[in-house]
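Structure first, then comments.
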Amino acid sequence: METKKEFFLECYKLGIIKFGRFTLKSGIESPFYVDLRPLASDPKILKKLANYLLDMLPLDNFDLICGVPYAALPMATAMSLESYLPLIIKRKEAKQYGTKKMLEGIFTKGQNCLLVEDVITSGTSLLETIPEIENEGISVSDIVVVLDRQQGGKEILESKGFRVHTLFTISEVCEMLKEEGHLTDDEVERINDFLSGNVVRFEEEKRLSYEEKLEICDHTVAQKLLQIALEKKSNLIVSADVTTTKELLELAEKVGPHIVALKTHIDILLDFDADQTILPLKDLAQKYNFLIMEDRKFADIGNTQELQFAYGTYKISNWADLVTAQVIAGYESLDCFRNVGVVAIIGMSSHGNLTDQNYRDEATKIALSHPNVFGGVSQNKIPNELLLFTPGVNLAHTGDGKGQQYNTPEHAFTKLESDFIIVGRGIYKADDAEQSALTYKIAGWNAYEASL
Ligand code: 5BU
């Protein structure tokens with residue numbers, strides 16, 4: 001014979017209880033979350049559940065059975081099929097037309113109805129439901145509940161004269177899960193703390209410092225960027241979206257001392273020339289100790305990207321320390337980026353972009369697993385194993401009228417736990433680009449320190 005515990009563990013496998021940190025409807029933070037609706041999707045479990053519930057009850061007392069909508073409806077139906085107790089259905093809202101009835105089915109005044117509820121917390125929803133049934137001339141004496149969250153509901157109903165039968169309590173469930181190794185002592189303690197009415201404090205996961213990131217990010221380019229960040233006390237990348245070599249080199253000369261990397265869109269230069277553009281830029285990079293990040297956003301099949309990376313006018317593979325790449329073409333499309341670090345485009349900053357949660361999740365999986373990738377561009381948090389680059393940063397504007405959306409360095413470091421901010425027009429369009437770079441450098445560093 002299966003024990004009640006074995007039955008519970010079967011139910012648990014359907015994902016009916018989750019542990020972690022949840023905000024309840026009331027705004028209270030709870031260390032667990034219960035949703036018994038999945039039980040109805042497993043017919044064998046639902047049938048067993050019905051029998052477990054029926055076994056606890058003085059069935060002769062009841063003429064009818066009714067579930068509190070919606071989660072308990074299938075439970076009450078299954079119990080009716082197993083016991084031949086006639087089912088009635090309670091509406092959530094009265095019908096707008098016709099009979100305006102709250103109860104559907106066949107019943108007569110004076111009958112006693114067994115009420116079925118999936119979870120009881122404070123008891124409020126039962127206290128609202130019972131009068132609606134009683135208004136139809138039906139009496140309620142007993143309530144059967146699958147799980148008691150032990151937050152006072154049972155006691156309130158009992159004090160009003162109802163008999164409350166519960167199959168499981170949350171403490172009993174936690175005990176079983178602890179015995180099976182699904183919960184640690186700490187978690188059980190936190191749950192008990194919560195159940196005794198205390199506000200539970202969740203340990204905030206700390207963002208990682210650059211020193212800590214150095215320990216876990218082993219790509220050589222990631223290591224270099226982190227070392228430069230620590231040496232210069234800077235997390236600033238300037239986006240040099242200028243159209244002539246002269247402007248590019250002048251900007252690099254001005255901002256070079258304050259940045260960890262200079263980001264280029266090399267194909268917007270009107271006068272690109274490997275000797276005139278790249279050689280002096282490389283010299284400045286060496287002189288001021290910054291890396292060169294070509295924001296090429298490769299987005300093609302591996303073979304084409306390989307050609308775009310190493311051939312054509314720009315021969316990016318000859319000079320870039322790191323490049324950006326979409327991951328839309330899949331894992332193998334990134335194999336071609338040898339001797340360079342890849343920053344994957346995970347989420348974009350522009351209004352209406354298509355990088356929704358699902359896309360970002362899939363892109364993150366590729367970024368995490370590909371050895372050439374050490375970071376991601378995103379407007380959301382990404383896993384600690386990757387360095388996060390956040391563009392769309394501007395201290396003076398919230399947008400550019402062309403879809404770009406700006407946030408502050410505080411937002412990037414505190415909310416997104418970003419590692420590097422990327423600033424374009426906020427710096428190269430400023431009257432004094434060097435001064436502006438310094439302002440962003442200090443703002444970025446202060447925001448980083450404040451976020452630790
Ligand atoms: P801005 O002038 O600070 O708006 O420039 C931002 C730079 O970052 C620009 O070169 C963009 O191409 C780049 N960028 C971005 O703004 N948003 C994104 O989501 C990505 C790149 Br990916």
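The values are calculated or read from the model by the stated rules, or taken from the named source; none is laboratory data. Only a predicted model underlies this, so the values are computations on that prediction, with no experimental measurement involved. Every residue, glycine among them, receives a Cβ derived from its backbone with ideal geometry; neighbour counts consider all protein chains shown. The accessibility values were calculated without ligands, DNA or RNA, using every heavy atom of the protein model including side chains. Shrake-Rupley method; radii C 1.70, N 1.55, O 1.52, S 1.80 Å.
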Could you list all residues from the stretch 410-452 that are assigned to a helix (DSSP H, G or I) and aromatic (Phe, Trp, Tyr)?
PHE413, TYR428, TYR440, TRP445, TYR448
Just to be sure I understand, how many residues within the stretch 307-333 are within 13 Å of the ligand (Cβ to nearest atom), closer than 28 Å to LEU279 by Cα and part of a loop (DSSP other than H, G, I, E, B)?
1
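Please work out which residue is surrounded by the fewest Cβ atoms within 10 Å (Cβ to Cβ), limiting yourself to the stretch 419-452 and to residues that are without any contact (Cβ under 8 Å) to a residue 40 or more places away in the chain and closer than 25 Å to CYS217 by Cβ.
Among those residues, the one meeting the criterion is GLU449.
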For the stretch 274-331, what are the residues that are open to solvent by less than 20 Å² (accessible area, probe 1.4 Å), within 19 Å of THR243 (Cβ to Cβ) and of a type in the set (Phe, Trp, Tyr)?
TRP319
So the strands (runs of 3 or more DSSP E) completely within the stretch 96-178 holding 1 or more residues that are within 14 Å of PRO69 (Cα to Cα) and open to solvent by less than 50 Å² (accessible area, probe 1.4 Å) are 112-120, 139-148
Hey, can you tell me all the residues within the stretch 58-85 that are part of a loop (DSSP other than H, G, I, E, B) and touching a Leu at 6+ places or on another chain (Cβ under 7 Å)?
PHE62, VAL68, ALA71, LEU85
Can you tell me which residue is modelled with the lowest pLDDT among those in the stretch 22-47 that are closer than 19 Å to GLU175 by Cα and either touching a strand residue (DSSP E or B) at 6+ places or on another chain (Cβ under 7 Å) or not in a loop (DSSP other than H, G, I, E, B) (or both)?
SER30
Quick check on the stretch 71-79. Is at least one of its residues at pLDDT below 95 and within 40 Å of the chain's Cα centre (by Cα)?
yes
Checked LYS232, LYS160 against criteria (over 26 Å from the mean Cα position of the chain (by Cα), of a type in the set (Lys, Arg) and farther than 23 Å from PRO58 by Cα); the one match is LYS232
Which one is nearest to the ligand (Cβ to nearest atom), of the residues in the stretch 380-418 that are open to solvent by less than 10 Å² (accessible area, probe 1.4 Å) and of a type in the set (Phe, Trp, Tyr)?
PHE389
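Taking the conditions exactly as written (closer than 23 Å to ASP55 by Cβ, touching a Phe, Trp or Tyr at 6+ places or on another chain (Cβ under 8 Å) and not aliphatic (A, V, I, L, M)), does PHE168 satisfy them or not?
For PHE168, the condition - closer than 23 Å to ASP55 by Cβ, touching a Phe, Trp or Tyr at 6+ places or on another chain (Cβ under 8 Å) and not aliphatic (A, V, I, L, M) - is met.
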Taking the stretch 334-366 only, how many residues are farther than 30 Å from ASP283 by Cβ and either out of contact with any strand residue (DSSP E or B) (no Cβ under 8 Å at 6 or more places or on another chain) or assigned to a loop (DSSP other than H, G, I, E, B) (or both)?
19
In the stretch 221-264, what residues are assigned to a strand (DSSP E or B) and closer than 11 Å to ASN289 by Cα?
ALA261, LEU262
From the set of residues in the stretch 347-379 that are within 22 Å of LYS206 (Cα to Cα) and within 11 Å of the ligand (Cβ to nearest atom), which is most open to solvent (accessible area, probe 1.4 Å)?
GLN379
